[in-house]
Amino acid sequence: MTLPVVRDAAQQKVVAQQLPELLELEALIAQHPHTLTAQVEHLLTWQSLPLPLYSLSLGSRDPHAPTVLMTAGMHGVERIGSQVLIAWLQTLLERLCWDVQLQQQIAQIQLVFMPILNPVGMCLNRRCNGNGVDLNRNAPIDAEDEVKLLGGGHRLGGFFPWYRGKKGAAMEAENLALERVIKRQVFGRPMALALDLHSGFGMQDRLWFPHAYRRKPIDNIADYVALKLLWERTYPNHIYIFEPQSMHYLSHGDVWDYFHALFTASSPSPQQHFLSLTLEMGSWAWVKKRPRQLLNFAGLFNPQMKHRHARVLRRHILLLDFMLAAALNSNNWLPEKQQAALLTQTAQSLWFS
Ligand SMILES: [Zn+2]
């Protein structure tokens, strides 16, 4: 679809109030036309306001280049995820204007961004999309064991959060757009890393990897352990807990479970890898410091003091930079067969014993 999406002055005012992150993203697209390739993957509407679902690409166009996909805003109320990603993208674009080393690095890698996955949900400040569906309970995959009542995903209807959508229906348009981007630009690479930004669970920042639908280890768990150890050796004073999501709860319809299954079904060669992480920012820490945030729904998921907000925007720069370097240099850390067997045992004792 062609750019830009045209809005009149009144519509622009509504976007500025309800979804300022979209204006920030569109400003970056306008400022960096030679660096960023922007595409409207789907056009949503909310109160007759056109809301584009953008994908942005930059870096190498070689179909064999390693790839990093970064997504955010899947749950509309967790807008801090979109803000962290857009702030990091802005820094990256600014550095690309003058940093020759970074230019050389980016020339060898493809970066793909979908920073506002659920624009209608963000306008409404709610978790689900415009149809009342929780996009991360919406994939066609069922948990193997019991899930938390409602929170694990349900089919009662969109009046409760965590609604999966109708049984047998296609995924929601936002998820279909994400799937198209993943099939087009992420699968089939020697290394593809995905990072999806969320907030809301616990006091600490966590990096979760699949599965969410079962308690058994994922088939490429050795690669995840290798990535975890690489991160911890490189940044021993880091702030994240790295673990499978099933350590905490199971859920139906997790999109990253689904994309992993799709990847496996595509019969990848042993040289092709796909790893997805969810950054779950521990928003309870912000609430603890400012309990009055309990009184507004968005306060449960977002830092609302200016200094704390700025701190959160800075907090994950190292991790996002690391994702690039890890994807680009995966030959230097992906385990060989023998090592993989050892790492699989490590995973067992860390998380599944
Ligand atoms: Zn979330």
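The values are calculated or read from the model by the stated rules, or taken from the named source; none is laboratory data. Computed from a prediction, not measured in an experiment: that's the story for all the values here. Please note: Cβ atoms are built from the backbone with ideal geometry, for glycine as well, and neighbour counts cover all protein chains shown. Calculation scope for accessible area: heavy atoms of the full protein, side chains included, ligands and nucleic acids excluded. Shrake-Rupley method; radii C 1.70, N 1.55, O 1.52, S 1.80 Å.
Put Thr234, Thr346 in order of accessible area, largest first, 1.4 Å probe: what do you get? Display every interim value, and only then the final one.
On the way: Thr234 70, Thr346 50 Å².
Sorted by accessible area, descending: Thr234, Thr346.
Of the chymotrypsin sites (Phe, Trp or Tyr not before Pro) in the range 220-281, the ones in a loop by DSSP (not H, G, I, E or B) with at most 14 other beta carbons within 10 Å are Tyr249. Extending 7 Å from Cα along the Cβ direction at Glu232 and again at Lys167 yields two label points whose distance is 4.2 nm. Along the range 233-249 the Karplus relation, 6.51 cos²θ - 1.76 cosθ + 1.60 evaluated at θ = phi - 60°, assigns HN-Hα couplings of 5, 6, 10, x, 9, 5, 10, 9, 9, 10, 6, x, 4, 4, 4, 9, 7 Hz to successive residues, with x for each Gly and Pro.
Evaluated with a Cβ-only charge set (Lys, Arg +1; Asp, Glu -1), the range 197-353 carries a dipole of roughly 880 debye about its Cα centre, given to the nearest 20.
Beta bridges per DSSP, both residues in the chain: antiparallel share near 40 percent. Over the range 115-252, what relative contact order in percent results from Cα pairs under 8 Å that are six or more residues apart? Once divided by the residue count of the range 115-252, the mean separation gives 29 percent.
If the segment from Leu262 to Glu336 were pulled out straight at 0.36 nm per residue, it would be longer than the present Cα-Cα gap by 24.3 nm.
Please report the carbon-and-sulfur percent of the accessible area for the chain; probe 1.4 Å, protein heavy atoms only, DNA, RNA and ligands left out. Of the solvent-accessible surface of the chain, carbon and sulfur hold 55 percent.
Helix content alone sets the calculated 222 nm mean residue ellipticity of the chain: runs of n ≥ 4 DSSP H residues at -39500 (n - 2.57) each, divided across all residues, give -11000 deg cm²/dmol. Counting only lysines at least 8 places from Lys228 when in the same chain, those with an alpha carbon closer than 20 Å to its own are Lys216, Lys337.
For the chain, the relative contact order works out to 20 percent when only alpha carbon pairs closer than 8 Å and six or more residues apart are counted. Close amide H contacts of Leu197 (hydrogens built in the peptide plane, cut-off under 5 Å, sequence separation of 5 or more or a different chain): Thr71, Ala72, Gly73, Leu279. Report the calculated FRET efficiency for Gln108 and Arg290 (r = Cβ-Cβ distance, R0 = 51 Å), to the nearest 0.05. In this case the efficiency is close to 0.75. Tell me which of Leu23, Ala143, Phe113 sits at the most positive position along the dipole axis of the range 9-352, charges placed on C-beta atoms (Lys, Arg +1; Asp, Glu -1). Projecting each Cα onto the dipole axis, the largest value belongs to Leu23.
Of the residues His75, Trp256, Ala177, the one whose Cα sits farthest towards the positive end of the charge dipole of the chain is His75 (charges of +1 on Lys and Arg Cβ, -1 on Asp and Glu Cβ, taken about the Cα centre). Counting only residues at least eight positions apart within a chain, or on another chain, the lysines with an alpha carbon under 29 Å from that of Lys13 are Lys306.
If the segment from Met305 to Cys97 were pulled out straight at 0.36 nm per residue, it would be longer than the present Cα-Cα gap by 71.7 nm. Here the dipole of the range 9-352 is about 860 debye; that uses its Cα centre as origin and unit charges on the Cβ of Lys and Arg (positive) and Asp and Glu (negative).
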